[in-house]
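Q: After the structure tokens below, expect a handful of questions from me.
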Amino acid sequence: MTPHIDRIVTCGTCTLDDGTWEVENNVWLLGDDRQVLVIDAAHDADPIRAAVGERQVSAIACTHGHNDHVNAAPELSEAVGAPILLHPADLELWHQTHPEQVPDGELGQGEVIRIATVEVRILDTPGHTPGSVCLYVPALETVFTGDTLVAGGPGATGRSFSDFPTIIRSIRDRLISLPPQTRVLPGHGNSTTIRDETPHLEEWLARGH
């Protein structure tokens, strides 16, 4: 069976540094007709469950620990019987949303998740948060970037746990080195490609965000 990618957009709030604002999040499902990997269970478990259907959920992978990317993860995990995976450097952020629960497993550089007929390679890409990761699927020429890289530049920095020079290094060393045709599927907004974003690296450095 040919693996495919589904996108669900959920709405809610992001809370950080005593601020709260409305956001729309992309939830990505990678898999085939029998099994699926959920990337960033945001805001509302019900539409994610509906999109999963009767498929087995192999895992719920969190690109980072901000509440708008993990707030529906425990409910979804309980409903579908799947483990939650998060980079350990983001546990402090995770506990801001889920103080009495811990993820079931860890994500880190070089680890591989096998789903359907493809491999998902974990890339450490800190900067937006200390434990931000991207999920690269070479066979589909696709990388799921969370809030590390969105259409138009790096994800937001300047708040607690974030650092602009670090996110630039992550993008330069881990993402721009991917094949230019690689699709970038971010945690918010529209998709882009490595080819479209690479020429703007110096602009991002000059503007500082």
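Q: Restricting to bridges with both residues inside the chain, how much of the DSSP beta-bridge set is antiparallel, in percent to the nearest 5?
A: If I count the DSSP bridges inside the chain, around 70 percent turn out antiparallel.
Q: Between residue 4 and residue 151, take the C-beta separation as r, use R0 = 22 Å, and let me know the FRET efficiency to the nearest 0.05.
A: Once the sixth-power term is evaluated, E becomes 0.55.
Q: For a quick check: with amide H placed at 1.01 Å from N, whose amide H comes under 5 Å from residue 146's, ignoring anything fewer than 5 positions away on the same chain?
A: Placed amide hydrogens put 187 under 5 Å from residue 146.
Q: For residue 63, enumerate residues with amide H under 5 Å from its amide H, sequence gap 5+ or separate chain, H modeled in the peptide plane.
A: 40
Q: Pop out the ³J(HN,Hα) list for the range 185-197 in order, Karplus 6.51 cos²θ - 1.76 cosθ + 1.60 with θ = phi - 60°, rounded to Hz; leave Gly and Pro as x.
A: Running phi through 6.51 cos²θ - 1.76 cosθ + 1.60 with θ = phi - 60° gives 10, x, x, 9, x, 7, 6, 8, 9, 4, 4, 6, 8 Hz.
Q: Could you go through the range 149-160 in sequence order and give the Karplus-derived ³J(HN,Hα) for each residue, using 6.51 cos²θ - 1.76 cosθ + 1.60 with θ = phi - 60°, rounded to whole Hz, and x for Gly and Pro?
A: With the stated coefficients, the range 149-160 comes to 9, 10, 4, x, x, x, x, 4, 10, x, 10, 3 Hz.
Q: Summarise the accessible area of the chain (1.4 Å probe, protein heavy atoms) by the percent that is carbon and sulfur.
A: Exposed carbon and sulfur together represent 46 percent of the surface.
Q: Quick one: if the Förster radius is 41 Å, what FRET efficiency do residue 46 and residue 195 give, using the C-beta to C-beta distance and rounding to 0.05?
A: It comes out at approximately 0.65.
Q: Continuing with this model, one more query. Among 111, 119, 22, which one shows the highest mean-square fluctuation when the chain is modelled as a Gaussian network with alpha-carbon springs under 10 Å?
A: Its mean-square fluctuation being the largest, the pick is 22.
Q: Mind checking the per residue accessible area of the range 14-100 for me, 1.4 Å probe, whole number of Å²?
A: Ligands and nucleic acids excluded, the figure is 41 Å² per residue.
Q: So what's the back-of-envelope 222 nm ellipticity for the chain, counting only DSSP H runs of four-plus at -39500 (n - 2.57) apiece and dividing by all residues, rounded to 500?
A: Mean residue ellipticity at 222 nm (helix-derived): -5000 deg cm²/dmol.
Q: Taking only protein heavy atoms into account and a 1.4 Å probe, give the accessible area per residue of the range 121-201 in Å².
A: Ligands and nucleic acids excluded, the result is 37 Å² per residue.
Q: As a test of reading the structure, rank 198, 182 by solvent-accessible area (1.4 Å probe, protein chains only), most first.
A: 198, 182
Q: Counting pairwise Cα distances across the range 6-64, what percent come out greater than 13 angstrom?
A: So the portion of pairs separated by more than 13 Å is 61 percent.
Q: Another question, if that's okay. Dipole of the range 78-209, Cα-centred, from +1 at each Lys and Arg C-beta and -1 at each Asp and Glu C-beta, to the nearest 20 debye?
A: Result for the range 78-209 is approximately 400 debye, rounded to the nearest 20.
Q: Between residue 17 and residue 92, what length comes free when the chain is fully extended (0.36 nm per residue of separation minus the Cα-Cα distance, one decimal in nm)?
A: Working it through step by step, the gained length comes to 25.7 nm.
Q: How high is the relative contact order of the range 1-132, given as a whole-number percent (alpha carbon pairs under 8 Å, six or more residues apart)?
A: In percent, rounded to a whole number, it is 21.
Q: Here is a further query. Could you work out which residue, out of 158, 19, 187, moves most in a Gaussian network model of the chain, that is, has the largest mean-square fluctuation with Cα springs under 10 Å?
A: Fluctuation is largest for 19.
Q: Please report, in Å, the Rg and the Dmax of the chain, where both are computed over Cα atoms only.
A: Values for the chain (Cα only, Rg and Dmax): 15.8, 48 Å.
The values are calculated or read from the model by the stated rules, or taken from the named source; none is laboratory data. Treat the numbers as computed from the prediction; the structure is a model and nothing was measured. All Cβ positions, even for glycine, are placed from backbone atoms using ideal geometry, and neighbour counts span all protein chains on display. Note: accessible area is taken over every heavy atom of the protein model, side chains too, but ligands, DNA and RNA are not part of it. Shrake-Rupley method; radii C 1.70, N 1.55, O 1.52, S 1.80 Å.
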